[in-house]
Amino acid sequence: MAARIDHAVTSGIFSLDGETHEVDNNVWVVGDDTECVVIDAPHSVDDILALVGERTLTAIVCTHAHDDHVRVAPELRERTGAPIYLHPDDRPVWELTHGDAIIWDHDLADGLTIEVAGTSLTVLHTPGHAPGAVCLSAPELGAVFTGDTLFNGGPGATGRSFSDRPTIEASIRAKLFALPDETVVHTGHGDDTTIGAEKANLDG
């Protein structure tokens, strides 16, 4: 049975640098009818579990540690037994939400591959929006999951703590623009796009 991508939107709060905003986050689940992984854990465990259904959740993969992407990761781990994956460079961002008493289970690293339902998710370390930001390339599905690194319309925000505009642009050019133009970009917020379209946006 081929792997597929399931999607939902869940709403809640994003807080950083003393500012709080209402946000809608995409939840992405990659798997088949038996097992799956969740990419990011925003806002509502129940919304995520509704997407997982009766499947075995094998991993909770965090694209970065802003609170609207990891807030319910520990509760999701508690309810499913699935381990949390995060790039260690995002430790200071993680600790803004969870302190140092709660920790993730496995470190992400550039080039690491996570297998699920016969397909591979390859980690691309793409700092800039956050130091430990990653994207997950799924060439067999013709897709990449970019978190808040690349959106429909351009790079993610870099006006807050732990972020840097030249760094995110360099990450996008080096790691994401190396993917085929037709690759579908599944983002952390908002609509899908393609690598080709975003090359035109960034270089236009």
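Once volume of the Cα convex hull per residue in Å³ is worked out from the coordinates, which option in (1) 147; (2) 198; (3) 101 does it equal?
Given (1) 147; (2) 198; (3) 101, the calculated one carries the label (3).
With unit charges on the beta carbon (Lys/Arg positive, Asp/Glu negative), name the residue among Ala59, Phe177, Thr80 whose Cα is farthest towards the positive pole of the charge dipole of the chain.
Value: Phe177.
With every protein chain present, what accessible area does Phe162 have (1.4 Å probe, heavy atoms only), rounded to the nearest 10 Å²?
In the full protein context, Phe162 sits at about 90 Å².
By accessible area of protein heavy atoms, probe 1.4 Å, what ranking do Leu124, Leu86 get, highest first? If you can, show how the numbers build up before the last one.
On the way: Leu124 25, Leu86 0 Å².
The ranking, largest first, comes out as Leu124, Leu86.
If you put +1 on each Lys and Arg Cβ and -1 on each Asp and Glu Cβ, how big is the dipole of the chain around its Cα centre, in Debye rounded to 20? Walk me through the numbers before you get to the answer.
Working: 11 positive and 34 negative charges, 65 e Å.
It works out to roughly 320 debye.
Would you calculate, for the chain, the mean residue ellipticity at 222 nm contributed by helices, counting each DSSP H stretch of 4 or more residues as -39,500 (n - 2.57) and dividing by all residues, to the nearest 500? The partial results should precede the final answer.
Values: 6 runs with 44 residues, N = 204.
The per-residue figure over the chain is -5500 deg cm²/dmol.
Rounded to the nearest 10 Å², what accessible area does Glu140 show when all protein chains are kept and the probe is 1.4 Å?
Its accessible surface works out to 120 Å², give or take rounding.
Show me, for region 34-50, the HN-Hα J-couplings you get by feeding each phi into the Karplus relation (A = 6.51, B = -1.76, C = 1.60, θ = phi - 60°), rounded to Hz, glycine and proline as x.
9, 9, 7, 10, 9, 9, 6, 9, x, 6, 9, 4, 4, 5, 5, 5, 5
Using alpha-carbon pairs under 8 Å, 6+ residues apart, how would you state the relative contact order of region 65-167 in percent? Working shown, then result.
On the way: 160 pairs, mean separation 20.6, N = 103.
Result for region 65-167 is 20 percent.
Just how far, in whole angstrom, is region 140-172 from region 1-76 if you go by their alpha carbon centroids?
The distance from the Cα centre of region 1-76 to that of region 140-172 comes to 18 Å.
State to the nearest 20 debye the size of the charge dipole of region 69-161 about its Cα centre, where the only charges are +1 on K and R beta carbons and -1 on D and E beta carbons. Write out the running numbers ahead of the final one.
Details: 5 positive and 12 negative charges, 52 e Å.
Charge dipole of region 69-161: 260 debye, to the nearest 20.
Given charges of +1 on the Cβ of Lys and Arg and -1 on the Cβ of Asp and Glu, with all other atoms neutral, how large is the dipole of region 147-188 about its Cα centre, in debye to the nearest 20?
Details: 4 positive and 5 negative charges, 33 e Å.
Approximately 160 debye in magnitude.
With an 8 Å cut-off on Cα pairs and a minimum separation of 6 or more residues, tell me the relative contact order of the chain in percent. Before the final figure, lay out the partial values.
On the way: 487 pairs, mean separation 32.2, N = 204.
Relative CO of the chain lands at 16 percent.
Count the net charge of all other residues whose Cβ sits under 12 Å from the Cβ of Thr56, scoring Lys and Arg as +1 and Asp and Glu as -1. Display every interim value, and only then the final one.
On the way: positive: Arg55; negative: Asp32, Asp33, Glu35, Glu54.
For residues surrounding Thr56, the net value is -3.
Could you state the accessible area per residue of region 49-204 in Å², with a 1.4 Å probe and every protein chain left in place? Could the numbers behind the result be given before it?
Details: 6230 Å² over 156 residues.
Per residue, region 49-204 has 40 Å² of solvent-accessible surface.
Using a 1.4 angstrom probe on the protein heavy atoms only, could you order Arg77, Arg173 from most to least accessible area?
Details: Arg77 55, Arg173 110 Å².
Ranking Arg77, Arg173 by accessible area, largest first, yields Arg173, Arg77.
Dipole of region 91-202 (Lys/Arg Cβ +1, Asp/Glu Cβ -1, origin at the Cα centre): which of Ile103, Leu124, Phe151 lies farthest to the positive side?
Checking the options against the dipole of region 91-202, the answer is Phe151.
For Ile103, tell me the accessible area in Å² from a 1.4 Å probe, rounded to the nearest 10.
70 Å²
The values are calculated or read from the model by the stated rules, or taken from the named source; none is laboratory data. Just so we're clear, the structure is a prediction, and the values are computed from it rather than from any experiment. Here the Cβ is made from the backbone with ideal geometry for all residues, glycine too, and neighbour counts use every protein chain on show. Quick note on the areas: whole protein, heavy atoms, side chains included, nothing else; ligands and nucleic acids left out. Shrake-Rupley method; radii C 1.70, N 1.55, O 1.52, S 1.80 Å.
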